[in-house]
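Since the structure comes first, as C-alpha cells, the remarks are kept for the end.
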Amino acid sequence: MNIFHSKGIALRLFLSFSLSSVLIFVTIMLSNYFYSKDKTERQIGNHVRSIITSSVNKVESVLNGVEKIPENLANVIENKGFTLQELGDLLCSTLRLNDEIYGLSIAFEPYQFKKDLLYAGIYCYREGRGFRLKSFGSDNDRYFYQDWYQMAREMQSPQWSEPYYEEKTLLSTYSVPVYKTRGGKRHLIGIVAVDISLEWFSDIVLSTKVLKTGYGALISQNGTIVTHPDRGLIMNETFFTIAEANKDNAMREIGREVLRKESGIVRHHNLFGMDAYLYYTRIPSNDWRLLMLFPAKEMFQDIRDLNVNVAVLGIVGIILLAITSVVIAKGITKPLRRLSTTAEEIGRGNLDAAIPEVTGRDEVAMLASSFGTMRDSLRQYISKLTETTAAKQRIESELSIAHDIQMNMLKKIFPPFPDRKEIDVFALLEPAKEVGGDFYDFFFLDEDRLLFIVADVSGKGVPASLFMSVTMTLFKAKSSADMSPDVILSMVNNELCDGNDSSMFVTVFCGILNCCTGELIYANGGHMPPVIVRRDQGAQFIDMPDGLIIGVMKDVGYSCERIALLPGDRILCYTDGVTEAMNGNREFYGSERLLEVIKKAGQEDLQGIAALIMEDLVFFADNAPQSDDITLLCIEYRGR
C-alpha cells in the first residue's frame, strides 16, 4: 500500500524531514561559502600585499643603488675639474664596477665646459661583453632639448625619465644636475645621467606568481606599460589606450585611480582580457606602479571545489534521511490507517466496530485506547442526546404554542374599531425570544372613553410572558368606566404585589381618551414618555407624572395628567426595546433619534409611521441581534 496515500502523515513527515534537511544544509552551505570567501579574500590579499611589497623592496634597493652613482659623480665633478677624456675614463670605470646599469653620460650646458663649445657630452655604455665610449651633441643632436636633460634642468632636482627604447633595449634614465659655485652662487653646468636596462625589472616582476596564472606588471608614472607577459603591450599601450579601444569607461577610471593613489585593489571584468583582481602599489623612487593581477575565478576555485564535495555529501545524507523518514512513517501510519478505517465505521453509525489492537505504550497505542473510550462514550452520549433532543423538541413545541397563545391575546386586526371614525389605532409587538414580557391593550370603558395600555415586564422569556398574561388580565378585570388611570394602576399594583415572590415588576403607561371631547387622562407607572404629534406644532414628548413601577410595593399612590387632543393629533407609545436598541458598537438608538424619525414621517398614516420606525431600527442595528422586545402603539384622534 502506498505510504503516501491521501497525502497523510507519511507524506508530511517525509516532506518535513526532506525540506528541513535541505533548508539546514543550504543555510550551512551558504554560511560556510561566504565565511570561507571572506577569509580567502583576506588571506590572498595579505599574501599578494606581501609579494608586492617584497617586489617593490627589491626594485627600490636596486634603484636606490643606481641613484647613488650619478649623485656621487655629480659631487666629484662639482669639486674637481676634468677633461672630456678624464670624464670618459671616470664614466667607464664606474660602469665596470656596477653591473646593474647600462650606461653613464654627462652633458654640459652650452659654453659651460669650454667657452667655445656649444655641445659637450660623452656617453659610456655596454656593447656586447665590453664597453663603448662616444661623444654626443650637435646641431642634429641637441641633447639639452631632450626629456632626460630638460626634466632635471627645469626641476633643478634628480629625475627619472619615462622608459624608452635605445638600440632595441628598453631603458630608463636617472638624471642629476651638476652645479659650480661662482661668486657665492650655484650655477647649473650640466647633467649626469645613468641608464638602466628594464630587463631586470621584468625578471623581478614577471618572476612573481600569484595563485596559478596570476602575474606581475609595471607601468610608468604616465601609465605606459613597461613590463607585461604580453610583450606586444610594452611601450605600446596604456590603461587609457586600452580603455579607448574597448570603449570601457570603467577601465579608464581604474587607470586614473592607479596613477592617483599610493596603493589599492580593484576588480574588473576585462582587465587585460580577463575577469581579474588588480593589486597595485607605488614605487617611491620613480613614481611608477607595480601591479599584480590574477583571475577572479582562481581566488575561489578551492572554495567551489570544497562546496561541490560538501554538496554531494549533503545530498547523499538528505537521501538517507528521506529513506529513514519513509521507514519511520510506514511504522507510524500502518496502525493509524487501521484506526482511520475503524473511525469511518463509527462515523457511519457502527458503534460496535472493533478497535484494532496496537502493542506498545507509545502515542499510537494511547490513541487506540482513546478510540475505545470514545466509542463507549459515544454510545452513552447518543443515548442521552436522543433523550435530550426529544425533550428539547417538546419544549420548543410548547414555546411555540405559548408564543401563539401570547400573540393571540393581543389585538392584531387593524383598524380595530372600523365603525368609530373619530379615532384610529395601530399597534405591533416584536418579541426578542419566542415569548416576551411586552404587551399592549386597548378597549372602550363606555360609549366614548377608550382605555389603552403599553407595558413592559422585567426580564424575558417564559417568566416574563406569564407575568405579562397575569398583568394584562388584571387590567381588564379591574378597569371600569368610573375609574381614572391612577386608580386602575393602584389596584393592579396591589394585586401584583400579593404573592410576587420572584420580585418581578412592570412599567406601564395607562391612558383614557374621551373620543367625544379629545381629552386624554393618563398615569405613569415608571414607563417611557409617549410622543404627541400635534397636527400643526410637530412632535414632542409629553410631560409625565411621577409614578413607581408596578408590582414592587403595595399602596403606592399614582397621579394623573390631562391634555386635550385636537383632530389630527396623534399619541405614539413604545417600550424601551425601541430607545435602548443597540448596534454592533453597543450604541443606543435613543429618544432623540426616535423623535427625528417621527418628525420625518409627517402625515404618514399610523401603520406607515410604525413601519418607518421599524425600518430605521433595522438600519441602526446593522445585523446586531435584537436585545429586547419592541412594542409600538399609535393612536390618532380625528374628532367627530
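Any read-out appearing in this document is the output of simple, stated calculations on the displayed coordinates, not a laboratory observation. As the structure is a computational prediction, the values presented were derived from the model and not from experiment. Glycine gets a Cβ as well: all are built from the backbone with ideal geometry, and neighbour counts include every protein chain shown.
With a Förster radius of 51 Å applied to the C-beta separation of N222 and A322, the computed FRET efficiency comes to 0.20.
Taking every C-alpha pair closer than 8 Å and separated by at least 6 residues, the mean separation divided by the residue count of region 410-637 gives a relative contact order of 24 percent.
Just to be sure I follow: if Rg is taken over the C-alpha atoms of region 166-209 and Rh is the Kirkwood radius over the same atoms, what is Rg/Rh?
Details: Rg = 17.2 Å, Rh = 13.2 Å.
Radius of gyration relative to Kirkwood radius: 1.31.
Close amide H pairs (under 5 Å, H built 1.01 Å from N) link E166 with L171, residues at least 5 positions away or on another chain.
What shape does region 201-299 take by its C-alpha gyration tensor, where a ≥ b ≥ c are the square roots of the eigenvalues and a/c under 1.5 counts as rounded, a/b above b/c as prolate, and the rest as oblate? Verdict is rounded for region 201-299. Candidates V597, H268, P463 compared by Cα position along the dipole of the chain: farthest toward the positive end lies H268, with charges placed on Cβ.
Pull up the cross-link candidates among the lysines for K334, meaning alpha carbon to alpha carbon under 19 Å and not fewer than 8 places away within one chain. Within the straight-line limit of under 19 Å, K334 reaches these lysines: K7.
This model, with +1 at the C-beta of Lys and Arg and -1 at the C-beta of Asp and Glu, gives region 52-130 a dipole about its Cα centre of some 120 debye. This ranking places D287, D203 by how few other beta-carbon atoms lie within 10 Å of each, fewest first, which gives D203, D287. Summing Cβ point charges (Lys, Arg +1; Asp, Glu -1) relative to the Cα centre of region 18-196 gives a dipole of roughly 360 debye.
Put a dot 7 Å past the Cα of M29, heading toward its Cβ, do the same for R348, and the two dots end up 4.9 nm apart.
Full-extension gain between N98 and E244, please, as 0.36 nm times their residue separation minus the C-alpha to C-alpha distance.
Working: separation 146, 0.36 × 146 = 52.56 nm, distance 4.14 nm.
Using 0.36 nm per residue and subtracting the Cα-Cα distance, I get 48.4 nm.
Among the listed values (i) 31.6; (ii) 46.2; (iii) 67.0, the one computed from these coordinates for mean projected area of the Cα convex hull in nm² is (iii).
When the Cα positions of S377, L474, I219 are compared along the charge dipole of the chain, I219 comes out farthest toward the positive end, with charges on each C-beta of Lys, Arg, Asp and Glu. Footprinting exposure proxy ranking of W160, W288, fewest other C-beta atoms within 10 angstrom first, gives W160, W288.
Taking neighbour Cβ counts within 10 Å as the exposure measure, how do H47, H228 sort from fewest upward? Write down the numbers at each step before the final one.
Working: H47 13, H228 23.
Least crowded to most crowded, the residues run H47, H228.
In straight-distance terms, cross-link reach from K599 covers every one of the lysines whose alpha-carbon lies under 27 Å from its own, apart from those fewer than eight places away in the same chain; here that gives K411, K412, K421.
Per residue of the chain, what 222 nm ellipticity follows from adding -39500 (n - 2.57) for every DSSP H run with n ≥ 4, rounded to the nearest 500? Walk me through the numbers on the way to the answer.
On the way: 14 runs with 282 residues, N = 640.
Estimated from H runs of four or more residues: -15000 deg cm²/dmol.
Using a cutoff of 8 angstrom between alpha carbon atoms and counting only pairs six or more residues apart, the relative contact order for region 18-196 works out to 20 percent.
All other residues with a Cβ under 10 Å from the Cβ of E262 taken together, and with Lys, Arg as +1 and Asp, Glu as -1, what is their net charge?
Details: positive: R260, K261, R282, R289; negative: none.
Charge balance near E262 sits at +4.
The packing ranking of peptides 470-479, 506-515, highest mean first, is 506-515, 470-479, where packing means the average number of other beta carbon atoms within 10 angstrom of each residue.
Close amide H pairs (under 5 Å, H built 1.01 Å from N) link A624 with G584, residues at least 5 positions away or on another chain. Only the Cβ atoms of Lys and Arg (+1) and of Asp and Glu (-1) were treated as charged; on that basis the dipole of region 26-85 about its Cα centre amounts to roughly 260 debye.
Straight-distance candidates among the lysines for linking to K261, with alpha-carbon spacing under 22 Å and chain neighbours fewer than 8 residues away dropped: K58.
Entry note, the chain: relative contact order of 9 percent, from Cα contacts under 8 Å with a spacing of 6+ residues.
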